[in-house]
Amino acid sequence: MSNYNWCHGPHCHTNQTQSRVRGSGDNKVLRTIKIKQGRYNGYQNGIWDYFCNQSCLMDFIRLHLTSMIAIAPRSKALETPIKVEKEKYESSRWDWNNCIEGRPQRVPCMATRTKILVDNDNG
Ligand SMILES: [Zn+2]
């Protein structure tokens with residue numbers, strides 16, 4: 001088992017960086033970046049074990065988008081059951097009608113916020 005992957009970016013080997021130059025004399029090439037597996041300890045499901053950077057990831061998605069969507073097509077919207085609650089709370093606002101030395105004053109007021117509660121039983 002190899003501990004390395006080649007970057008899957010379709011254009012990785014065309015980026016003109018020193019880190020991609022391989023070979024000697026008149027036989028130099030730009031080579032796809034070699035990626036050490038687990039370099040970010042599985043961050044974002046290990047996606048960075050296959051792509052050297054976000055540019056290569058996006059190039060791959062653009063090239064293979066149709067195939068990727070075909071793997072898991074979505075023909076209807078998904079829904080998450082929720083409850084919506086309105087809640088009054090003490091807040092403050094700027095009062096521009098009663099300025100002191102040209103400055104508005106902070107005054108207390110009641111405000112309303114909407115809380116979205118997810119039903120975890122259906123989660
Ligand atoms: Zn790359």
task: Give segment 1-35 a look and list any residue that's away from the ligand (no atom under 13 Å from the Cβ), open to solvent by 60 Å² or more (accessible area, probe 1.4 Å) and hydrophobic (A, V, I, L, M, F, W, C), or say none.
output: MET1, VAL29
query: Counting just the residues of segment 4-28 that are free of Cβ contacts under 8 Å to residues at least 12 places away in the same chain and assigned to a strand (DSSP E or B), which one comes out farthest from the chain's Cα centre (by Cα)?
result: ARG22
- prompt: Taking the stated definitions as given, is SER75 assigned to a strand (DSSP E or B) and under 30 Å from LYS115 (Cα atoms)?
  reply: no
field: Answer residue from segment 60-82, given it is away from the ligand (no atom under 16 Å from the Cβ) and of a type in the set (Val, Ile, Thr) and is surrounded by the most Cβ atoms within 10 Å (Cβ to Cβ) among those
entry: ILE82
query: Only one of (1) touching an Asp or Glu at 6+ places or on another chain (Cβ under 6 Å); (2) more than 30 Å from THR14 (Cα to Cα) is not met by ALA72, so which one is it?
result: (1)
- request: Please find, within segment 46-59, the residue that is surrounded by the fewest Cβ atoms within 10 Å (Cβ to Cβ) out of those that are within 9 Å of the ligand (Cβ to nearest atom) and assigned to a helix (DSSP H, G or I).
  value: SER55
- prompt: Applying the selection to segment 35-45, what residues are under 15 Å from TRP6 (Cβ atoms) and of a type outside the set (A, V, I, L, M, F, W, C)?
  reply: LYS36, GLN37, ARG39
- request: Identify, by number, the condition in (1) farther than 30 Å from ASN120 by Cβ; (2) in contact with a helix residue (DSSP H, G or I) (Cβ under 6 Å, 6 or more places away or on another chain); (3) open to solvent by less than 90 Å² (accessible area, probe 1.4 Å) that PRO104 doesn't meet.
  value: (2)
Flag if TYR43 is at pLDDT below 95, under 22 Å from the mean Cα position of the chain (by Cα) and either among the hydrophobic types (A, V, I, L, M, F, W, C) or at negative phi (or both): yes
query: So GLY38 fits all but one of (1) modelled with pLDDT of 95 or more; (2) open to solvent by less than 80 Å² (accessible area, probe 1.4 Å); what number is the exception?
result: (1)
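The values are calculated or read from the model by the stated rules, or taken from the named source; none is laboratory data. Because the structure is predicted, anything quoted here is derived from the model rather than measured. Methodologically, a virtual Cβ is constructed for each residue, glycine included, from the backbone with ideal geometry; neighbour enumeration extends over all protein chains shown. Just so you know, the surface numbers come from the protein's heavy atoms only, side chains and all, with ligands and any DNA or RNA stripped out. Shrake-Rupley method; radii C 1.70, N 1.55, O 1.52, S 1.80 Å.
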